[in-house]
Amino acid sequence: MQRKYRTLNFRLTAIVLMALMWSCQGRPDAIFPPGDDLYGLASPVRLEGDTTLVYMTDYFVGSSAAAIDSVTGSDRLNFVLSQDGKLLQITKRSRFLPPLSEMKVWIGETAYSILVERGRRERFTFVFDPQGERYRSVSLRGEMNDWNARANPLHLIDGVWQAELDLNPGRYQYLIVANGRDMLDPNNPNVVDNNIGGFNSLLEVGRTDRTLVPHLYPRGHNRYTIHIGIENHLEEVLVFWQNFRMPREHVSRVGDQLHIHITGDAFKMQRSFIRVRAWNEHGRSNDLLIPLEYGRPVTDASLLTPEDKEATILYFMMVDRFNNGNPDNDDPVDDPEVAPRANFWGGDLAGITQKVNDGYFEMLGVNTVWMSPITQNPLEAYVEFPAPRRKYTGYHGYWPITLTTVDHRFGTDSDMYDLVSAAHNNNISVMLDFVSNHVHEDNPIIKENPHWATNLDLPDGRRNLRLWDEQRLTTWFDTFLPSLDFSRPEVIELMTDSAFFWIDNYGLDGFRHDATKHVHLEFWRSLTRKLKEDYMIPNNKRLFQIGETFGSRELIGSYVGSGLLDGQFDFNLYFDSRSVFARDDASFELLDYSIHQSFEYYGFNSLMGNITGNHDLPRFISLAGGGLRFDEDDKEAGWEREVGVGDPVGYNKLSQLTAFIMTIPGVPVLYYGDEIGLPGASDPDSRRPMVFDNLTERQLWVRDNASKLAQLRGENLVFVYGDFETLKVDHHTYVYGRRYFGERAIVLFNSSHEPKTIRVELSDRLKGASYGANFGHDFNVSDAMLEVHMAPNSFEVLVGR
C-alpha cells in the first residue's frame, strides 16, 4: 500500500511540474505535420455488427484516399483497406471493445486520427404470446423498424410468436400487426399516448445510469492551457486538435481537472477546434467542442463568423406566403376548383429582400434564413391522389418542372442576386430548399428520360404511392411526381450538378434537403464530395446542409456525418417537446429522456435542427391552446373550420417551446409565424400568409420573447458550446444547467397552471457565478440552493459569470 501511495504522489508531482512548465514557457512549438487531406472535422466511425464498412472518400478529398498507406487502431479490431483506398473494412477481433478508441489513417508521415465508437446494439428476443388465439401472420411495427410492418415478421415457435432484434438501449413505441390489423400488445401493460388520439405499446431495452458515466465541461483557460472539469471516474480520455490526437505530454490531469496544452499549430489558424471525449466502465462521456481563435479559446461571441455553423439560428419561410414585395409578378392559377389556400398568394424574393433591409431578421436575432424551393413549378393545378382528391397548385415550390430557373411568380435571377447580396451585407446567411427526390411529370428531364423514374406499379398490383417506409427509396409522392431512380449514375450526376448550380451561381450558404430518407446515400455522398472539392475548398467557405427525415433516430443519424449531411431535423425530440409543452398530462420526464436519447445518437455538439414547427405539421400554438385537438384529423380540420389559438395559454406554451429550442444544444429553427403565434391546422392551413402589422398584445409579447431568446443565444456562447446537465425534473418542472468556461446558464420551466417556487441544488460547476434573470422572475441563491418564484406556464433563463 505504501508503494502505491508513493507512486501516485510522484505522478501527481510530475503532472503539477509539467503544468507549471507549460504556463511559464513562451508560445509552444507546432508538432503536427502539415496535412489538408481531410476536410473539416472527421465524424466518428460507429461500429455496428461484426463488420463495418467505412467510405474513406467521405473523409479524404480529391486523390487523397488513393494516397492512404495504411490504417491502424485498437488491436481488438482488424483494418483492411481496399487497393484504391476508397473502402475500409473494420472487423471485430474481440467481443470486448472499449466504448471509444482511436483509428489512425496514414498518408506518408502524416497520421490523421478518427474517433471510433463501439456500437450499442443488444440482441433482444421479442416474444408475443397469442394467449390461445390463432393468427395466420404476426409482425411488429414500431420505432425499432421505422413503422414498417414488413421489416420484422414474427415466427411461431413452441406456441409463441418470436423475432430476434438488434436494438440500441432505449424505449420503443410499437404495435402488433396480427392478420394485417394493428393492435396493442396484450402481454405488455406499458402503453403511451401516440398524440393522435390513440395509444402504442412501449418496450424498454437496456438502461444506462447517466450519473455514473464521465462528465466533462470547459472550466477555464490561461495562456496556452485549457482546463476541463471532470466528474466521475475516467478510464481513458481522447483529446483532438482538428483531426490529430493530442500527445499524452500535452494532456495532463490533476484531481478533478484535465489540462490541455495547446500546440503551436493552432496559432497559425484563425479557426480551429479542440474536441474532448472520455469513457469508463459505465459508458461514454459527453463530447466537448471548443473553438479556438489563433490558438486561444473563443469566449467572446462577437468573434464568431458565418463560418461558425454551430451558432446558426435559422428562420424558415415559405416564399409565397411570407411577403409580397412586387405585385407585378403575381400570377395565381385561374381555376375555380382551387381553393385560395391552395393557390399562389404573391410572396416573392423581393418581399424577403425588403424584410432583410427593414431589419426584421436582425430584430428577431436570427442569422440564417431558409427559403422554400424557388424553381419553376407548373402553371396548372393538379388533383392530389389521396381522398378527398382536392386540387392544388405548386405555390409551395416542391413540384419542379425545371431544375435551375427561378419561378416567375417568385421573381427573377436578378431578384435572387439582390436577396443574397442584401442578406450577406446584413450578416445573414441564405439557405435554399432543394428537391432531389422527384420532379414534376412536365419536367423535361423525365419527359426525355422516362426510364429515370422508379416503378409506379408494384409486382403485387399495388401502386407505389406514399409507401413511405415500405418502399422508402422508390415510392412516389403523387401520380404526377415521378421519383427519380438514384441507382442510376446519370441521375446522380445530373441532380448533383443542378444542386451545385444554385450554390455556385448565387453564392448561397447551404441547403435544406427535402425528403432525405427517400434518396440513396450515394447521391448525398456525391453531392457533398462535389461541394467540398469544387466549392468549399477553393473558396475557403463552409456550407451547411440539413436534411428532412421522419423516422427513428438511427435512420435519421445514418444520413449525418463526414461525406454526408451536417445535420437533420430532430423530429423525435420535437414530437416529445410538443407533447410536453402543449399537453397538461405529459411529464417533463419524457422530454428529459428524449433529449438524452438525441445526445446518444447525435452527440452533444451536433448540427441537428430543433424546430418550433414546419409547413407539413399543424401549428404548435393551436394544439397548445386547444384550437386544434390532438385526436382529430389535423388536415381536414383546416378545411372544415377556422382553426384558431383557443385558450390564450397557448401563447405561454409557445414561448416555452421557443425557450427550449433556443437554450439546448443544436440549431434552433423558427418557422415563420411562430414568432407571433400564427395559428393553423396542418398543411395547407399551417401555411397562412405572414402577418407583420396590427399585431395583438399577445402576439407582440410572443415576438418579444422569441427575439430576446435569440439575442441571448447569439450573445452567450454557453448556449452554443456549453455542456448540458439536468438539475431537476418532474411532471411540471424542468431545470437544466450549462457551462462554457466562465459563462453559466440555468433554464427553468413550470408547465403547471399555478405559480410555483422551484428549488434546486446547484452542482459545483454552476456555483460561484453572479446570475441575472432575463424574464422577470424573482430568485435567490443561498448556500448552493437556487430558489426561483415562477409564474404559471412560464420559463426563466438565468445567465451568470
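The values are calculated or read from the model by the stated rules, or taken from the named source; none is laboratory data. From a predicted model like this one, the values you see are computed outputs, not experimental measurements. All Cβ positions, glycine included, derive from the backbone under ideal geometry; neighbour counts span all protein chains shown. We work out accessible area using only protein heavy atoms, side chains counted, and drop any ligands, DNA or RNA first. Shrake-Rupley method; radii C 1.70, N 1.55, O 1.52, S 1.80 Å.
Assorted remarks:
- Count of the stretch 516-548 residues which are assigned to a loop (DSSP other than H, G, I, E, B) and under 30 Å from Q471 (Cβ atoms): 3
- The set of residues in the stretch 225-261 that are basic (K, R) and modelled with pLDDT of 95 or more contains only R245.
- The set of residues from the stretch 73-83 being among the hydrophobic types (A, V, I, L, M, F, W, C) and surrounded by fewer than 16 Cβ atoms within 10 Å (Cβ to Cβ) comprises just one member, V80.
- Near pairs, Cβ below 6 angstrom, 6+ apart or cross-chain, from the stretch 167-179 (outside any strand (DSSP E or B)) to any residue that is aromatic (F, W, Y): N179/Y135
- Look at the stretch 190-216: where a residue is under 30 Å from I228 (Cα atoms) and of a type in the set (A, V, I, L, M) and a partner is open to solvent by 50 Å² or more (accessible area, probe 1.4 Å) and not in a strand (DSSP E or B), sitting 6+ places away or on another chain with Cβ atoms under 7 Å, you get L212/N232; L212/H282; V213/N232; V213/H282.
- Residues that are modelled with pLDDT under 95 and either closer than 16 Å to K728 by Cβ or touching a Gly at 6+ places or on another chain (Cβ under 7 Å) (or both), drawn from the stretch 782-800: A784
Conditions (1) open to solvent by less than 20 Å² (accessible area, probe 1.4 Å); (2) modelled with pLDDT of 95 or more; (3) outside any strand (DSSP E or B), marked per residue:
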| site | (1), (2), (3) |
| --- | --- |
| L140 | yes, yes, no |
| Q162 | no, yes, no |
| D185 | yes, yes, yes |
| I196 | no, no, yes |
| D209 | no, no, yes |
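- Sole residue being closer than 30 Å to L678 by Cβ and hydroxyl-bearing (S, T, Y), chosen from S763, S751: S751
- Applying the criterion of being among the hydroxyl-bearing types (S, T, Y) and either crowded, with 22+ Cβ neighbours inside 10 Å or within 13 Å of the chain's Cα centre (by Cα) (or both) to the residues of the stretch 571-582, the residue that is nearest to N243 (Cα to Cα) is Y574.
- Of all residues in the stretch 593-606, none satisfies being surrounded by fewer than 17 Cβ atoms within 10 Å (Cβ to Cβ) and part of a loop (DSSP other than H, G, I, E, B).
- Members of the stretch 557-584 that are touching a residue at least 24 places away in the same chain (Cβ under 8 Å) and of a type in the set (D, E): D566, D570, D584
- Every residue from the stretch 471-510 that is surrounded by fewer than 22 Cβ atoms within 10 Å (Cβ to Cβ) and small (G, A, S): S487, S498, G507
- Of the residues contained in the stretch 142-152, none is found to be surrounded by fewer than 16 Cβ atoms within 10 Å (Cβ to Cβ) and not charged (D, E, K, R).
- Residue, surrounded by the fewest Cβ atoms within 10 Å (Cβ to Cβ), within the stretch 84-109, restricted to residues that are over 30 Å from N280 (Cα atoms) and at pLDDT below 95: E109
- Here L53 meets each of (1) at pLDDT below 95; (2) open to solvent by 90 Å² or more (accessible area, probe 1.4 Å); (3) over 28 Å from D256 (Cα atoms) with one exception, condition (1).
- A search for C-beta distances below 8 Å between a residue of the stretch 347-375 that is on the phi > 0 side of the Ramachandran plot and any residue that is among the polar types (S, T, N, Q) and open to solvent by 10 Å² or more (accessible area, probe 1.4 Å), counting only pairs 6+ apart in sequence or on different chains, returns G359/N426; G365/S707; G365/Q711.
- Some residue of the stretch 400-417 being within 21 Å of I546 (Cβ to Cβ) and open to solvent by 30 Å² or more (accessible area, probe 1.4 Å): no
- Residues of the stretch 388-420 that are farther than 21 Å from F316 by Cβ and outside any loop (DSSP other than H, G, I, E, B): K391, D413, S414, Y417.
- Search result, residues across the stretch 454-470 that are open to solvent by less than 30 Å² (accessible area, probe 1.4 Å) and touching a Phe, Trp or Tyr at 6+ places or on another chain (Cβ under 8 Å): T454, L456, N464, L465
- Verdict on N426 being surrounded by fewer than 18 Cβ atoms within 10 Å (Cβ to Cβ) and touching a helix residue (DSSP H, G or I) at 6+ places or on another chain (Cβ under 7 Å): yes
- Screening H513 against (1) touching a Ser or Thr at 6+ places or on another chain (Cβ under 9 Å); (2) open to solvent by 20 Å² or more (accessible area, probe 1.4 Å) leaves a single unmet condition, (2).
- In the condition set (1) surrounded by fewer than 23 Cβ atoms within 10 Å (Cβ to Cβ); (2) out of contact with any Leu (no Cβ under 8 Å at 6 or more places or on another chain); (3) more than 25 Å from I546 (Cβ to Cβ), F630 is compliant with all but (2).
- Complete set of residues in the stretch 554-570 that are touching a strand residue (DSSP E or B) at 6+ places or on another chain (Cβ under 8 Å) and either open to solvent by 30 Å² or more (accessible area, probe 1.4 Å) or aromatic (F, W, Y) (or both): Y559, V560, D566, F569
- Going through (1) in a strand (DSSP E or B); (2) open to solvent by 60 Å² or more (accessible area, probe 1.4 Å); (3) out of contact with any Gly (no Cβ under 7 Å at 6 or more places or on another chain) one by one, R219 falls short only on (3).
- Selection within the stretch 527-553: residues that are under 18 Å from G40 (Cα atoms), polar (S, T, N, Q) and surrounded by 20 or more Cβ atoms within 10 Å (Cβ to Cβ). The member of this set that is farthest from the chain's Cα centre (by Cα) is T528.
- All positions within the stretch 245-279 that are assigned to a strand (DSSP E or B), in contact (Cβ under 8 Å) with a residue 40 or more places away in the chain and open to solvent by less than 50 Å² (accessible area, probe 1.4 Å): S252, V254, L258, H259, H261, F273, I274, R275, V276, R277, A278, W279
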